[in-house]
Amino acid sequence: MALTIGVDIGGTKVAAGVVDEDGNIVEHLLRPTPAENPEQVAHTIGDVVLELGKGREIEAVGLGAAGFVDETRAIVRFAPNLAWREEPLQKKVSDLVGLPVVVENDANAMAWGEARFGAGRGETHVVCVTVGTGIGGGIVLDGSLYRGRWGMGAELGHMQVVPEGRLCGCGNLGCWEQYASGSALVIDARESAEVNPEQAAKLLKIAGGTPDLIEGPEVTEAARQGDPAALAAFASIAQWLGRGLADLAAILDPGCFILGGGVSRAADLWLDQTRESFAAHLTGRGHRPLAEIRLAELGASAGLVGAADLARRR
């Protein structure tokens, strides 16, 4: 069975694995990411690929990179959490390992992994949304990964949903991720604790009495204890997620949405409300099929598995 290697490159760690044609990880390695030094990042990737390839016949390598990847799947134009600016990552790694290399945006790789081997199996039209600190996305249409003309499509978190709204890290105002992400959850919870500390009594107790110390885990714990402010924060992101998915359905008409990312670990607190919001805001509701909203299945391995499979299809 043909083997490829997938590498998921994040701001803190490089995760790599040998993957077979069925999406199974044969062997897995983790290394810290030397994020401030592009040369060291390339050498770290090369080292893990060479180590995993020992004694194996490897066909190709797929790299999932958190950033803008050009249309040739060779150059990382910009990465927010690594020192990559117009980085020729494909050539650097290929020269180090002596194998064909494909570079893909990490959210695209994750979406492809879920569509092929995870929650999207059997679907040809899939929209994957990663809900973490921000919102990332990947789109599979007619069984093919949609990348856009310049390779920078599916930046779903940067749809502008509130005119002149909250300032986003991208420089625009009112982006979807400012209202429907883990960061939005924390903003809403902190604001509630500031304005109405009595309502947020359990949340503040968990956070040591200071709104500025409230983070996602504290909001989740408080919500599970029934804290009204924490529950309201989850209800808010659920409403915004459902609205955004309804807008995407109006444009892309997928068979299913797949939701992943760190916030999905607390899906029991928001998923049902997201589905209700989606159904309530869907264009033509009552006269069209309702796309399923599913949770991702592959967890942290989705990007690695997806990158490896995309390398096989280079």
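The values are calculated or read from the model by the stated rules, or taken from the named source; none is laboratory data. All values derive from a computational prediction rather than experimental measurement. Methodologically, a virtual Cβ is constructed for each residue, glycine included, from the backbone with ideal geometry; neighbour enumeration extends over all protein chains shown. Heavy atoms of the whole protein, side chains included, go into the accessibility calculation; ligands, DNA and RNA do not. Shrake-Rupley method; radii C 1.70, N 1.55, O 1.52, S 1.80 Å.
Which stretch or stretches of the stretch 97-126 have amide N atoms under 15 Å from the point lying 7 Å from residue 81's Cα along the Cα→Cβ direction?
From the stretch 97-126, the list is 105-110.
With an 8 Å Cα cut-off and a minimum separation of 6 or more residues, compute the relative contact order for the chain in percent.
Relative contact order here is 21 percent.
Using a/c under 1.5 as the rounded threshold, could you call the stretch 183-314 rounded, prolate or oblate? The axes a ≥ b ≥ c are square roots of the C-alpha gyration tensor eigenvalues, and prolate needs a/b larger than b/c, oblate otherwise. Intermediate values should be presented prior to the final figure.
Values: a/c = 3.01, a/b = 1.54, b/c = 1.96.
In terms of gyration-tensor shape, oblate.
Could you tell me the relative contact order of the stretch 98-249? Use alpha-carbon pairs under 8 Å, at least six residues apart, and round to a whole percent.
Details: 231 pairs, mean separation 22.4, N = 152.
Result for the stretch 98-249 is 15 percent.
Most fluctuating residue of 299, 132, 286 in a GNM of the chain with Cα springs under 10 Å: which is it?
Greatest mean-square fluctuation among the candidates belongs to 286.
Give me the lysines in straight-line cross-link reach of residue 54: C-alpha distance below 30 Å, same-chain residues under 8 apart excluded.
Cross-link targets: 13, 91, 92.
In nm, what is the difference between 0.36 nm times the number of residues separating residue 24 and residue 37 and their Cα-Cα distance? Provide the component values of the computation, followed by the final result.
Working: separation 13, 0.36 × 13 = 4.68 nm, distance 3.16 nm.
Gain on extension, residue 24 to residue 37, equals 1.5 nm.
Take the alpha carbon gyration tensor of the stretch 88-171, find the square roots of its eigenvalues, order them as a ≥ b ≥ c, and report rounded if a/c is under 1.5; if not, report prolate when a/b exceeds b/c, else oblate.
The shape class here is oblate.
What Kirkwood hydrodynamic radius do you get for the chain when you take the inverse of the mean 1/r over all pairs of distinct Cα atoms, in Å?
Numbers: mean 1/r = 0.0495 Å⁻¹.
Answer for the chain: a Kirkwood hydrodynamic radius of 20.2 Å.
Could you check how much of the accessible area of the stretch 137-181 is carbon and sulfur, as a whole percent, using a 1.4 Å probe? If you can, show how the numbers build up before the last one.
On the way: 1120 of 2160 Å².
Carbon and sulfur atoms account for 52 percent of the accessible area of the stretch 137-181.
So how much slack lies between residue 71 and residue 146, counting 0.36 nm per residue of separation and subtracting their Cα-Cα distance, in nm? Before the final figure, lay out each step's value.
On the way: separation 75, 0.36 × 75 = 27.00 nm, distance 1.11 nm.
The residue 71-residue 146 span can extend by a further 25.9 nm.
Determine which residues of the stretch 183-206 fall in the zone a paramagnetic label at residue 213 would reach in this model, i.e. backbone nitrogen under 20 Å from the point 7 Å along Cα→Cβ.
From the stretch 183-206, the list is 186-206.
Find how many whole Å separate the alpha carbon centroid of the stretch 34-50 from the alpha carbon centroid of the stretch 255-298.
Centre-to-centre distance over Cα atoms comes out at 37 Å.
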